[in-house]
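*Asks:* So that we are looking at the same thing, I have put the structure below in structure tokens.
Read the figures in this text as sums done on the coordinates, not as results from a lab. This structure is a prediction, so every number in the text was calculated from the model and none was measured. Cβ placement follows ideal geometry from the backbone for every residue including glycine, while neighbour counts extend to all protein chains displayed.
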Amino acid sequence: MKLAALLPLVTLGLVAAAPAPEKRASGVQGCDISNYQPNFSYASAADAGAKFVIIKATEGTSYTSPSFSRQYSGATDAGFLRGAYHFAHPDSSSGAAQANFFLANGGGWSGDGRTLPGMVDLEYNPAKNSNSCYGLSQSAMVSWIRSFTSTYYSKTGRYPMIYTTNDWWRTCTGNSDAFSSTSPLVLARYSSSGPGTIPGGWPYQTIWQNSDSFAAGGDSDIFNGSLDGLKRLASG
């Protein structure tokens, strides 16, 4: 989830970038879902401790999730903090074009105190036998991400969160630190021990995706702070 003044306030302090002994992180439970969970139960999610949800809205410049509107309305009605995410295809169109597509199809932000800033999902290319960095050099990838994040910021006043893994970020951006003071980090590492090494100059992860099997469906996310900190992230 900004310029230094817009970075989320967390209560756990900074996580060192260097490897350190890991332990189970405390924080606020959440989850993310997509069209793979078309009938997601928010009652079950609440029973499992979730307070927030991030919902897939778009992919590239042609795909919109047919479940997004129903899932987002369900989250709102159930009292969850909620936000949307975009699966990036840096090989198919510019970052600006994909940010605008995301914004036009549910990925916006409003200062209602319940809407999390949008998230751009940057990970290995899911297509078989394809380049994991979408055929872009490290510098070109950084430029693509900058185009996405700056476009999103220009339209909403918030920088989007960046979802990635340590390995992808190091491989495809050269471990760039260009976004560490603006876009909050959502770090995926499926482990019970901790989020691991923080890439890209980020001082800590804002959200840790610690499992791909949340009790109510979707992936498990842990916000790195208190519920009040999560609400500040939503409020800007």
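*Asks:* List, in order, the whole-Hz ³J(HN,Hα) value for each residue of the range 151-168 obtained from phi through the Karplus relation with A = 6.51, B = -1.76, C = 1.60 and θ = phi - 60°; use x for Gly and Pro.
*Replies:* Taking θ as phi minus 60°, the curve returns 5, 4, 5, 5, 9, 10, x, 10, 7, x, 5, 10, 9, 6, 10, 4, 5, 4 Hz for the range 151-168.
*Asks:* In a shell of Cβ-Cβ distance under 14 Å around ILE33, excluding ILE33 itself, what net charge do Lys and Arg (+1) and Asp and Glu (-1) give?
*Replies:* Numbers: positive: LYS56, ARG70, ARG82; negative: ASP32, ASP121, ASP212, ASP219, ASP221.
Taking every other residue near ILE33 into account, the sum is -2.
*Asks:* Under the rule that a partner needs its Cβ under 4.7 Å from the first Cβ, which Cys of the chain have none?
*Replies:* CYS31
*Asks:* Now, a different point. Of all DSSP beta bridges in the range 33-135, what percent run antiparallel (nearest 5)?
*Replies:* Once the DSSP bridges in the range 33-135 are tallied, antiparallel ones form about 15 percent.
*Asks:* Largest first, please: the extent of the C-alpha atoms of the chain along each principal axis, to the nearest Å.
*Replies:* 44, 42, 37
*Asks:* By how many nm would the segment from TYR36 to ARG170 grow when fully extended, if each residue of separation counts as 0.36 nm and the alpha-carbon distance is taken off?
*Replies:* Gain in length upon complete extension: 45.4 nm.
*Asks:* Evaluate E = 1/(1 + (r/R0)^6) for SER73 and SER137, where r is the Cβ-Cβ distance and R0 equals 41 Å; express this FRET efficiency to the nearest 0.05. Show your work: numbers first, answer last.
*Replies:* Details: r = 41 Å, r/R0 = 1.00.
In this case the efficiency is close to 0.50.
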